[in-house]
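The values are calculated or read from the model by the stated rules, or taken from the named source; none is laboratory data. Small disclaimer: the values here were computed from a predicted structure and weren't measured. With ideal geometry, Cβ positions are generated from the backbone for all residues, glycine too; neighbour counts draw on all protein chains shown. Only protein heavy atoms, including side chains, enter the accessible area calculation; ligands, DNA and RNA are left aside. Shrake-Rupley method; radii C 1.70, N 1.55, O 1.52, S 1.80 Å.
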Amino acid sequence: MALRIDITGLPTTRLRFAASPLAELTAMLHALSAAGHHPHLAGWTADVRGRLRPELAERLLEAEFLWRSSRADFLLPARPRPTLHEELDDVDRIDDERYVAAALVTTCGNDRVHFGDASPLTDSAARDRALERAQARGAVQEAFAERLLADPAAVRTRVRGTLEQCADAFFDAAWPALAARLATDVRVKNDLLARKGLADALASVSAAVVLVPGHEHGGGERDGEGRPADGRPGQGRPGKGRGPAGGAHIVVDKLQDAAITARRTGVTFIPTVFGTPHLVAVHAHTRRPVLQYPVADERGTADAVVSLGIVERRLKALAHPVRLRLVRTLARGPHTTGELADAWGLTAPEVSRHLAELRRAGLLDAERHGRYVRYSLDATALTTLGADLLSAVLR
């Protein structure tokens, strides 16, 4: 599963790295509403919740689905501004149709396509479908959707007021330090983009975001990192200041399996301190795609990421009873194919097939000694499998 963004022929000047106060505020709100996703922020979460006025806490609950599971696209600015006030002003300029459609995506848990071409603001059937889907999500979502469809202006004013109260309560005090860290990350990314090209810039964003040349993208099965399933590299390097060589797609390891184009719009990349470990992508129809990614460490490098495709391959490899026996044997020390065959009463070809599957999953190391190959278990890959699975699911 992956999001593929077509950037064929797009100049690198249309790929923008920028910090956004609004995006960071809503990342903080997500951390408050989904604390289980962010155990490293437990202290901050407890402190902020303990200081929130009851009225503000209630207002956050009535609209938290705008940022809890997914993010309404107007909360991730395609053209970030220096201040939160400016970005909220930009949101105010969005027409009701787009605002309501974006809000209903998160409120109803469904994409706009389910409403067809009809607008829930003007079409009674579309409105009934929206309310039915919101009702299935819960009473709070249903109440919000009813208010939104009955009086969009009032709801928009209240949501902005809630965000402004959050700024007064905790965001404004935190933003200067956050802005400095995000600005450093943006400088690193723009420097990489200018000196080494898009492939290196994307590699510093996350290992879950890769550049795939157009001539390789068209055919064959691919894993969760956008590479061919046989393991051949699929990453290209663009020329400086030009569109990516040979045409290209940005491939993001995400739950959604979608292909969109940014040939005319460009792409915006927004770093976040509070959004770790999530990669948030919004790509509404005709709108510039936006990707919010966890800020790099002090060295300007991204955390190592294992794709969901690799995690799935490892789980499948370990699910086979024979392969699990082989893994348990290899955990005790290196073995040759023949030794494993003798230990478990199998033929050498049978063992070879199972070892090949485990190697493709990245669970084994092999070292040649003369005419023998000794296999050993990569204990680190096995140890981190649970953490890798959780990270891939949350991403």
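Listing for the model above:
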item: Residue 171 accessible area, 1.4 Å probe, all protein chains in place, Å² to nearest 10; result: 0 Å²
item: Theoretical FRET efficiency, 1/(1+(r/R0)^6), r = Cβ-Cβ of residue 344 and residue 384, R0 30 Å, to 0.05; result: 0.65
item: Protection proxy ranking, peptides 194-202, 259-267, average beta carbon neighbours within 10 Å, highest first; result: 194-202, 259-267
item: Virtual spin-label span in nm between residue 376 and residue 328, 7 Å along Cα→Cβ; result: 2.3 nm
item: Area of residue 164 that stays accessible when all protein chains are in place (1.4 Å probe, Å², to 10); result: 70 Å²
item: Theoretical FRET efficiency, 1/(1+(r/R0)^6), r = Cβ-Cβ of residue 164 and residue 365, R0 56 Å, to 0.05; result: 0.50
item: Accessible surface of residue 372 - all protein chains present, 1.4 Å probe, nearest 10 Å²; result: 110 Å²
item: The range 186-207 versus the range 118-166: alpha-carbon centroid distance in Å; result: 39 Å
item: Pairwise label distance in nanometres, residue 69 with residue 194, each label 7 Å out on the Cα-Cβ vector; result: 4.3 nm
item: Descending Cα extents along the principal axes, the range 146-212, whole Å; result: 50, 32, 18
item: Stretch gain in nm, segment residue 187-residue 140, where the contour uses 0.36 nm per residue and the Cα spacing is subtracted; result: 12.8 nm
item: Where labels lie 7 Å past Cα in the beta-carbon direction, separation of residue 61 and residue 90 in nm; result: 3.3 nm
